[in-house]
């Protein structure tokens, strides 16, 4: 198991692009992170209400379109169960899978039968999957409220370095529309979600990480 200081910056460009399943700023509609810097003061009641609404959504599934740092595009299906669990299945011909089981994030290539493993707590993804998003905490990097979009940027320099996650919500329905992870090199990967269903029941196998197939884990030695 690799102990990477940064979930994103330690990856190759190809692998980083695939992690865009956790991100969203490369699109023209995305708001640059710098535009949020001045908004690092405590968030408004509306922004916290949106964060509370999102925190209250315990399960969701749907489809995504991912935009990488170089404009490349792919898609697939996603599954989320709060706290800490997520799965991304990329459409063919991509062999990639991303699974978070509450403890770790595993990135796999089903064709090559290889997996990389990262502690969930060391990735900005943990903020997206947290039990509750508290905008009064020091991890808030910025909040921007507009008529058609409320944008919330979160990060923790001590834990994630310069990596951040920026979430974008519909200000009327409070629904999550997209999110972006900016890595330590300043590269954005973006994901827009649609056809979302909430309150879904998942089999535990959906978020099962195949530890037995990952060298260096105790299960792989059994």
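Tabulated data for the structure shown
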read-out	value
Highest average packing first - 56-66, 119-129, 207-217, Cβ atoms within 10 Å	119-129, 56-66, 207-217
Modelled FRET efficiency - R0 41 Å, residue 134 with residue 111, Cβ distances, 0.05 increments	0.50
Rg/Rh ratio calculated on Cα atoms of region 60-106 (Kirkwood radius)	1.00
Shape call, region 99-222: gyration tensor on alpha carbons, a/c limit 1.5	prolate
Extension gain, residue 172 back to residue 202 (0.36 nm per residue minus Cα-Cα distance, nm)	8.0 nm
Distance between region 103-163 and region 55-95 - C-alpha centres, whole angstrom	14 Å
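Values quoted throughout were computed directly from the atomic coordinates according to the rules given, and no laboratory measurement underlies them. None of the values given here were measured: they were computed from a predicted structure. Cβ sites come from the backbone with ideal geometry, for glycine too, and all protein chains shown count toward neighbours.
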